[in-house]
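Following: one structure in structure tokens, then a few remarks.
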Amino acid sequence: MLSFCRWHLLLKLIFTSKELFLDEKSETINSCTKLEIIITMTRRILSLLIAIGSLYGAIALAADDALMARGTYLMESIVACGNCHTPRDPENLGAPLEGMAFAGAFTIKEEGLNAFAPNITMDIETGIGGWTDEEIITAIRDGLRPDGTLIGPPMPSPFYATMSDYDVQSIVAYLRTVTPVKNVVQKSKYTIPLPPNYGPKVESVPEVSKDDLIAYGRYVTHTLGHCTECHTPMSEGHFDFSRLNVGGRVMPNVFGIATTAVSMNITPHLTAGIGEWSDKEIERAITDGVSRNGRELAKIMAYPYYKNINEEDMNAMIAYLRSVPPLSGLE
Ligand code: HEC
Ligand code: HEC
């Protein structure tokens with residue numbers, strides 16, 4: 001105890017702060033008692049610090065879980081990178097090939113391009129396992145590889161450019177959990193000229209508030225779902241946004257399956273578009289691939305993924321689709 005008391009004196013020198021000791025009346029308490037009080041207080045402060053520390057740890061873990069949950073939701077529903085990056089089996093009605101999730105080699109042939117979706121699994125050699133988070137984010141939103149070369153269409157980077165920081169980070173978190181698959185994919189061939197980049201480097205993008213239904217619906221439809229990519233015609237290598245959602249893009253040899261699909265008019269035009277369709281009918285086309293008249297749609301859209309779109313996003317998307325100018329396609 002004596003040596004403790006000496007320690008106390010030393011501590012007293014260090015902690016000159018009055019609050020750490022007792023008030024005036026403390027004179028009556030001997031040094032050792034004071035020391036015990038200090039030790040108890042220090043212990044309390046320490047346990048408080050530890051408690052705060054573990055609270056922060058728990059918050060950080062909860063934040064990681066939330067990011068992962070968001071990434072899983074996006075990847076398995078509206079964003080559906082797998083619809084292009086997971087190869088399909090032409091023998092089995094275009095079902096995804098087992099064990100090849102995100103391993104690439106889906107082909108898309110359109111006028112001017114014969115594109116092959118690369119391997120985006122975490123394989124270091126043949127996938128993107130060696131890329132940093134920042135490099136993957138730049139590939140998604142800016143359409144640039146780490147070596148600065150442009151990622152050509154139909155990779156929808158010009159649409160992903162407005163993806164929020166949180167959403168793009170959640171997608172990267174999800175991709176990091178993808179099983180690495182060794183699969184070399186051949187290079188895409190373009191006969192149309194490609195620009196050096198799609199625009200200035202994307203900086204920070206905030207979340208889009210759900211309070212504005214149409215703005216949020218546009219974010220879901222245009223940014224996350226890039227629905228507009230397939231449903232808006234191109235003119236001289238650029239999207240003609242004055243004809244938003246009017247359809248008419250010809251997509252031969254879809255996913256290596258011998259079908260030619262033509263994207264439909266999904267503007268709210270009463271006869272040429274989906275203006276007369278009920279919300280349920282629009283939803284069925286998106287999630288089940290069945291047109292209003294019961295016709296089965298070509299298996300090009302990401303129906304198995306779109307089935308998982310939550311009600312809030314589906315409602316916002318339908319509200320947005322109904323809000324754009326109705327076009328007959330003959331304008
Ligand atoms: C409509 C089809 C399509 C969708 C959807 C799509 N991609 Fe791609 N992606 C491609 C094609 C095609 C390429 C290759 C283009 C080229 O060769 O220039 C590509 C290239 C890439 C690359 C570059 C890889 C490399 O090694 O060069 C990355 C990374 C990538 N995509 C990630 C994603 C992610 C993540 C998503 C979802 C957020 C996504 N893609 C959605 C078709 C698509
Ligand atoms: C990869 C290209 C592509 C993407 C992405 C895409 N679509 Fe489609 N969509 C098509 C094609 C092609 C058809 C027509 C298929 C057919 O006629 O068999 C179609 C058909 C439709 C139809 C049915 C129209 C009709 O008259 O039967 C609706 C509704 C629709 N798409 C909405 C959407 C929405 C909403 C999204 C985004 C969540 C989306 N599409 C994303 C290519 C695409």
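A short reminder: the numbers here are calculations on the coordinates, not readings from a lab. As the structure is a prediction and not an experimental result, all values here were calculated from the model. FYI the Cβ positions are ideal-geometry reconstructions off the backbone, even for glycines, and counts take in every protein chain you see.
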- Backbone HN-Hα couplings from phi across the range 316-328 [Karplus 6.51/-1.76/1.60, Hz, Gly and Pro as x]: 5, 5, 5, 4, 5, 4, 6, 8, 8, x, x, 10, 8
- Task: Hey, can you grab everything whose amide H is under 5 Å from the amide H of Arg88? Only 5+ residues off in sequence or another chain; H modelled, so Pro and N-termini drop out.
- Result: Leu97
- Using mean Cβ contacts within 10 Å as the protection proxy, how do 211-217, 42-48 order, highest first? 211-217, 42-48
- Apply the Karplus parameterisation 6.51 cos²θ - 1.76 cosθ + 1.60, with θ equal to phi minus 60°, to every residue of the range 39-55 and state each ³J(HN,Hα) to the nearest whole Hz, in sequence, with x for glycine and proline. 4, 4, 5, 4, 4, 5, 4, 4, 5, 4, 4, 5, 4, 4, x, 6, 5
- Query: What does the chain give for Rg and for Dmax, in Å, if only its C-alpha atoms count?
  - Reply: 28.9, 98
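Work out the length of the dipole vector of the chain about its Cα centre, built from +1 on the beta-carbon of each Lys and Arg and -1 on the beta-carbon of each Asp and Glu, and round it to the nearest 20 debye.
Details: 28 positive and 39 negative charges, 115 e Å.
So the magnitude is around 560 debye.
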- Item | Above-threshold pairs, the threshold being 26 Å between Cα atoms, out of Lys201/Lys307; Lys109/Lys210; Lys210/Lys307; Lys109/Lys182; Lys210/Lys299 | Lys201/Lys307; Lys109/Lys210; Lys210/Lys299
- Which GluC sites (Glu not before Pro) does the range 93-177 hold that lie in a coil by DSSP with at most 15 other beta carbons within 10 Å? Glu98, Glu111, Glu125
- Message: Report the rotationally averaged projected area of the range 151-285 based on its alpha-carbon convex hull, in square nanometres.
- Response: 11.4
- For the range 129-180 and the range 198-254, write down the distance between their C-alpha centroids in whole Å. 17
- Pairing the Cα long axis of helix 133-142 with the longest principal axis of the chain, what angle in degrees results, from 0 to 90 and rounded to the nearest 10? 30
- Query: Out of residues 5 or more away from Leu113 or on other chains, whose amide H comes under 5 Å of its own, with H placed 1.01 Å from N in the peptide plane?
  - Reply: Thr191
- Message: Assuming 0.36 nm per residue, please report the length gained on full extension of the stretch Glu91 to Thr179 beyond their Cα-Cα distance.
- Response: 29.2 nm
